[in-house]
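Colleague: Have a look at the structure that comes next, please.
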Amino acid sequence: MDKIMIKGGIPLTGSIKISGAKNAALPLMAACILTDKTLELINIPDLSDIESMSELLSQLGVALGCKESSQGRVMCLSANNLSSTTAPYDVVRKMRASVLVLGPLVARAGEAHVSLPGGCAIGTRPIDLHLKGLEALGAEITLEDGYVHAKALKGLVGTTFTFPTVSVTGTENLLMAATLAEGQTRLVNAAREPEIGNLAQCLNAMGAKITGIGTDTLLIEGVESLNGASHSVVADRIEAGTYAMAAALTGGKVQLKGARLDLIPTVASLLQQAGVILKEEEDGLVVDAPLEHLQGVDVMTEPFPGFATDLQAQWMALMSVANGASMITETIFENRFMHVPELCRMGANITVHGSSALVRGVSQLKGAPVMATDLRASVSLVLAGLVADGETVINRVYHLDRGYESVEEKLRACGADIQRIR
Ligand code: UD1
């Protein structure tokens, strides 16, 4: 199993190109099921989660292929010959986002059979809201043998559905399903993450009629069928936030090409409060961070535009070496502090009280062998390794490969001493 070895203490300086967002690319790929025409997606990142979604779509009968272009990797998908409506356990178990094929399959084929994803490292993560929403749209839902069976043989019918809790993939699933429903659908208390706006724009380019994009109420006027389209995947705000924190943590200066302040409003303002200088340029963001001035700042995770839970572990690594203390409160997932014991093994001073962690900054972290437990936890250990004294070896890096494209190359180009051991 691959490991990553880092010798810490080098300030990052240079330029990093931000990739297309994994969490935008996955629902966009699933959207190809809604049409028998070709969907072209530009700026698709090269990640193992994208491979898993490609495998799943191939099993459903989708023809897909990739080519390189000056705008990044381009993927063409055609669901002209859908041959299956089943997302099997083996694929869904590997990647929860597989559940994104549920809404499009019911809408286009009238049925779907999707394995229940079960819990994961960061919490129980139910999909009850996806199912309640589809039921409200007229699908008949049954659960049997660990599978969700959804049927709407006469098609879905528009409705008003209010999410009791904001759900990102729940919103995406219902948004996609509603594009082909009869009449109007209102999704109230919808998630407002930029990846949802990116999906809605793509669906509109395919002929859907969606308004309210960027707000918490999406209005969808159903259409008979959708067309193909060519669409660009938005820049990965989580990757941008991660590298901004990496620059801040090492006291470096890094240009993040393609990063946008409007995609990370709360992160940007908290970084500024912590003493980091951020400058927006025409083609990205420059992060300039005098390490000795880094201040502890409290953070609470919230749905967009609040602070993303997917950046909580990285913020904790940053706060581990800040002056003073920081209270980090996780409100989205119930078990998302798996990185705490690992950071403590590197000398961080963190105590967890329920859903809050109190981080008291220390003057120096120490390299150690550590273990990645999930995608964002693993990158927080990379960040800690970059600033730690001595050598850090991170085990189970397959988590990292799910969501960070060329992480070692990108960091090495900014001077980091990081390598993969196979
Ligand atoms: C998505 C992101 C993930 C991110 C998360 C929160 C993708 C592929 N993944 O995950 O990276 O960490 O948003 O920003 O985009 N919930 C229910 N019932 C449901 C659905 C969700 O109770 O049917 C709860 C969840 O347990 C969680 C909260 O709602 O506590 C938010 O989860 P949700 O937004 O659905 O996360 P995902 O879409 O799975």
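Bear in mind that the values in this text are calculations on the coordinates, not laboratory data. Predicted model, so just to flag it, every value in this text is computed and none were measured. Cβ placement follows ideal geometry from the backbone for every residue including glycine, while neighbour counts extend to all protein chains displayed.
Colleague: Using +1 at the C-beta of Lys and Arg and -1 at the C-beta of Asp and Glu, which of Val254, Ala21, Thr179 has the Cα lying farthest in the positive direction of the dipole of the chain?
Modeller: Of the candidates, Val254 comes out farthest on the positive side.
Colleague: If you put +1 on each Lys and Arg Cβ and -1 on each Asp and Glu Cβ, how big is the dipole of segment 1-128 around its Cα centre, in Debye rounded to 20?
Modeller: 360
Colleague: Which percent, to the nearest 5, of DSSP beta bridges fully inside the chain are antiparallel?
Modeller: 75
Colleague: Can you grab the distance from the C-alpha centre of segment 64-110 to the C-alpha centre of segment 154-206, Å, no decimals?
Modeller: So the separation of the two Cα centres works out to 18 Å.
Colleague: Under the definition of Cα pairs under 8 Å and six or more residues apart, what whole-number percent is the relative contact order of segment 46-95?
Modeller: 37
Colleague: Quote the FRET efficiency, to the nearest 0.05, computed for Ala325 versus Asn81 with a Förster distance R0 of 41 Å and r equal to the Cβ-Cβ distance.
Modeller: 0.10
Colleague: Okay, moving on. What relative contact order, as a whole-number percentage, does the chain give when Cα pairs under 8 Å and 6 or more residues apart are counted?
Modeller: 21
Colleague: Same structure again: Hey, in the GNM for the chain with a 10 angstrom Cα cutoff, which one of Ala107, Ala368, Ala317 fluctuates hardest?
Modeller: Ala368
Colleague: Then there is this: 222 nm [θ] for the chain, helices only, -39500 (n - 2.57) per DSSP H run of 4+, per residue, to 500?
Modeller: For the chain, the value works out to -9000 deg cm²/dmol.
Colleague: Looking only at Glu391, Glu334, Glu172, which one moves most when the chain is put into a Gaussian network model with springs between Cα atoms under 10 Å?
Modeller: Glu334
Colleague: Another one. Between Val148 and residues 5 or more places away or on another chain, which pairs have amide H atoms under 5 Å apart, with H built 1.01 Å from N, and which residues are they?
Modeller: Those qualifying (amide H under 5 Å, at least 5 residues apart or on another chain) are Val114, Ser115, Leu116.
Colleague: Along the charge dipole of segment 50-157, pointing to its positive end and built from +1/-1 on Cβ of Lys, Arg, Asp and Glu, which listed residue (Ala63, His149, Val106) has its Cα farthest out?
Modeller: Ala63
Colleague: Where is the GNM fluctuation largest for the chain (alpha-carbon springs, 10 angstrom cutoff): Leu34, Leu175, Leu60?
Modeller: Leu60
Colleague: Quick one: Kirkwood hydrodynamic radius for the chain, alpha-carbon pairs, angstrom, one decimal?
Modeller: 21.8
Colleague: Something else now. Please work out the C-alpha center-to-center distance from segment 355-391 to segment 231-276 and express it in whole Å.
Modeller: Comparing the Cα centres of segment 355-391 and segment 231-276, I get a distance of 19 Å.
Colleague: Then there's this: So if I restrict to the alpha-carbon atoms in segment 39-98, what is the Rg, and what is Dmax, the biggest pairwise distance, in Å?
Modeller: 12.1, 37
Colleague: May I pose another question? Under unit Cβ charges (Lys, Arg +1; Asp, Glu -1), what dipole magnitude, rounded to 20 debye, does segment 142-254 have relative to its Cα centre?
Modeller: Value, rounded to 20: 240 debye.
Colleague: Continuing with the same structure: For segment 341-387, count all C-alpha to C-alpha pairs, find those more than 14 Å apart, and express that count as a whole percent of the total.
Modeller: Result: 50 percent of Cα pairs exceed 14 Å.
Colleague: What are the ³J(HN,Hα) couplings of segment 353-370, residue after residue, when phi is run through the Karplus curve with 6.51, -1.76, 1.60 and θ = phi - 60°? Round to Hz, x for glycine and proline.
Modeller: Once θ is set to phi - 60°, the couplings for segment 353-370 become 10, x, 8, 10, 10, 9, 10, 9, x, 10, 6, 7, 8, 10, x, 7, x, 9 Hz.
Colleague: In nm, to one decimal, how far is the modelled label at Glu144 from the one at Ala63, with both set 7 Å along Cα→Cβ?
Modeller: Computed distance between label sites Glu144 and Ala63 equals 3.4 nm.
Colleague: Averaging sequence separations of C-alpha pairs under 8 Å and six or more residues apart, then dividing by the length of segment 127-226, give the relative contact order as a whole percent.
Modeller: After rounding, I find 25 percent.
Colleague: With charges set only on the Cβ (+1 for Lys and Arg, -1 for Asp and Glu), what does the dipole of the chain come to about its Cα centre, in debye to the nearest 20?
Modeller: The calculated dipole for the chain is roughly 480 debye.
Colleague: Another question about this same structure. So which of Lys67/Lys94; Lys22/Lys132; Lys17/Lys279; Lys253/Lys410 end up more than 22 Å apart, counting from Cα to Cα?
Modeller: Lys67/Lys94; Lys22/Lys132
Colleague: So for Lys257, Lys410, fewest C-beta neighbours within 10 Å to most, what's the order?
Modeller: Exposure proxy ranking, most exposed first: Lys257, Lys410.
Colleague: Taking +1 at the Cβ of each Lys and Arg and -1 at the Cβ of each Asp and Glu, which of Ala205, Ile42, Met371 sits farthest along the dipole of the chain towards its positive end, judged by Cα position relative to the Cα centre?
Modeller: Result: Met371, furthest along the dipole toward the positive end.
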